[in-house]
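Notes for the one structure printed next.
Bear in mind these aren't lab numbers, they're just calculated from the coordinates by the rules spelled out. As the structure is a computational prediction, the values presented were derived from the model and not from experiment. Cβ placement follows ideal geometry from the backbone for every residue including glycine, while neighbour counts extend to all protein chains displayed.
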Amino acid sequence: MVFKFVIPSIWLSVIVLSTGCSVPLPEATANAPAISSVDETEQSKQLTPDQVLVLGDISSNPTRKIEQYQPLAAYLQRHLTDVGIERTVVKIAPDLETMQTWVDSGEVDLYFDSPYPVMVISNNTGAEPILRRWKEGIGEYHSIIFALKNRDIQSVTDLRNARIALETDFSTSGYMLPFAYLQNAGFNLVKQPSEATVLQSNDIGFLFSSGEDNTIELVLSGKVDAGAVDSGTFSALPESVRSSLTIVLETESVARHIVLASTEMPVDQTEATRNLLLQMHESVDGQTVLESFENTAKFDEFPVDASIERLEELYNQTL
């Protein structure tokens with residue numbers, strides 16, 4: 001099924017760093033980061049598009065994200081000269097709409113993210129999921145909906161008329177999975193209800209926290225009844241915090257992160273990059289770069305298509 005959609009344009013900011021069946025998009029970010037562009041080197045400007053490999057991600061903190069990508073970008077640049085790549089560039093988008101445009105046009109060759117935004121962009125552009133990334137050393141993860149024990153919320157049925165904090169509207173673990181599971185449980189999710197909003201018997205009110213730490217804080221402070229975070233984040237909480245919480249629901253697991261290749265990327269470069277990423281964890285140099293890249297353990301050939309297809313099934317059930 002093909003869905004048509006129109007999203008209003010917003011002001012966009014980008015950082016660019018030189019290292020030497022479709023689904024509708026979530027809502028656009030209301031306040032894109034006001035970050036100035038950093039010009040590419042003169043050498044990069046003189047190269048053809050096929051000589052420049054562009055890595056892409058989405059973040060509200062592009063400076064930090066650029067720093068995380070620097071070692072990987074430099075590594076790829078060093079090892080892909082035999083397929084014509086002379087320069088590697090990192091582009092950070094403020095929202096999913098922008099990233100989809102870049103992947104579709106070939107302005108971004110490789111996009112790294114969790115299954116839900118990858119599913120959206122893949123289905124809307126034809127871009128191909130090529131590998132799984134073990135971000136933070138994790139190959140798979142799931143969502144956990146949790147509440148304070150003193151809220152007396154023990155099961156999903158206790159969430160009737162509750163207010164829950166989700167992360168962002170393009171998060172797999174902080175939005176898509178919990179949203180789908182709650183809808184499949186028979187609930188109607190109402191966005192951003194005020195204190196005066198009267199929720200009906202099968203309603204759950206939700207708001208976006210803009211970060212997992214914010215979600216946890218909203219629950220601990222009692223400002224919301226429950227929250228949803230990924231399993232790794234929940235397990236990393238101090239025992240003193242976890243002991244005060246009740247796990248209300250755990251979803252199924254999906255791939256932690258996926259690498260998506262634009263259809264505009266030359267086939268030989270896609271294959272060479274894929275093979276290089278697969279072999280990185282086998283060398284000392286590669287392991288060092290992976291560790292600096294948000295503690296990535298490795299890239300592998302996990303059946304990402306199946307992971308995306310399952311998420312799409314869940315997504316379509318929420319329409």
Between Asp113 and residues 5 or more places away or on another chain, the pairs with built amide H atoms under 5 Å apart involve Ile258, Leu260
Among Thr263, Pro178, Pro193, the residue whose Cα sits farthest towards the positive end of the charge dipole of the chain (+1 at Cβ of Lys and Arg, -1 at Cβ of Asp and Glu, taken about the Cα centre) is Pro193
Expressed as cubic angstrom per residue, what is the convex hull volume of the alpha carbon set of the range 154-281? 142
Distant-in-sequence amide H partners of Ile58 (H built 1.01 Å from N, under 5 Å): Ala93
How large is the Kirkwood hydrodynamic radius of the range 135-175, in angstrom, based on all distinct alpha carbon pairs? 12.3
Counting other Cβ atoms within 10 Å, which GluC sites (Glu not before Pro) in the range 203-259 have at most 14 and lie in a DSSP loop? Glu252
Share, in percent, of DSSP beta bridges within the chain that are antiparallel, nearest 5: 60
From the alpha carbon gyration tensor of the chain, can you work out the equivalent ellipsoid semi-axes (sqrt of 5 times each eigenvalue) and give them in Å, largest to smallest? 36, 21, 18
Cα-based Rg and Dmax for the range 207-319, where Dmax is the largest Cα-Cα distance (Å): 18.6, 54
Taking the Cα centre of the chain as origin, work out the dipole magnitude from +1 charges on Lys and Arg Cβ and -1 charges on Asp and Glu Cβ, in debye rounded to 20. 740
Please give the contour-minus-distance gain from Leu237 to Ser292: 0.36 nm per residue of separation, less the Cα-Cα distance, rounded to one decimal in nm. 17.6 nm
Quick check: Cα centre of the range 109-160 to Cα centre of the range 62-98, how many Å? 24
Can you give me the pair-distance distribution of the range 58-122, C-alpha pairs, 10 Å bins, whole percents? 19, 48, 31, 2
Mind ranking 145-154, 257-266 by how tightly packed they are, going by the mean number of other C-beta atoms within 10 angstrom, highest first? 257-266, 145-154
Tell me, what HN-Hα J-couplings in whole Hz come from the Karplus equation 6.51 cos²θ - 1.76 cosθ + 1.60 at θ = phi - 60° for each residue of the range 284-292, using x for Gly and Pro? 5, 4, x, 4, 4, 5, 4, 4, 6
Under the Karplus relation with 6.51, -1.76 and 1.60 and θ = phi - 60°, whole-Hz ³J(HN,Hα) for the range 263-274, x at Gly and Pro, equal 5, 7, 6, x, 4, 5, 6, 4, 5, 5, 5, 4
Residues other than Gln68 with Cβ under 9 Å of its Cβ, Lys/Arg counted +1 and Asp/Glu -1, net out at -1
If you add up the charges near Phe146, with Lys and Arg at +1 and Asp and Glu at -1, over every other residue whose beta carbon is less than 11 angstrom from its beta carbon, what do you get? +1
Computed log₁₀ I(q)/I(0) - Debye formula, equal Cα scatterers, no solvent, the range 276-319, q 0.21 Å⁻¹: -0.68
For the pair Asp305 and Asn184, what calculated FRET efficiency results from E = 1/(1 + (r/R0)^6), where r is the Cβ-Cβ distance and R0 = 22 Å, to the nearest 0.05? 0.45
Cα-only Debye scattering, the range 100-179: base-10 log of I(q)/I(0) at q = 0.13, 0.15, 0.17 Å⁻¹: -0.56, -0.68, -0.79
Interchain or sequence-distant (5+) residues whose placed amide H lies within less than 5 Å of the amide H of Val248 are Ile145, Phe146, Ala147
Ellipticity estimate at 222 nm from DSSP helix runs (n ≥ 4, -39,500 (n - 2.57)) divided over the chain, nearest 500: -9500 deg cm²/dmol
Running Debye on the range 118-226 with equal point scatterers at the Cα sites and no solvent, what base-10 log of I(q)/I(0) appears at q = 0.15 Å⁻¹? -0.70
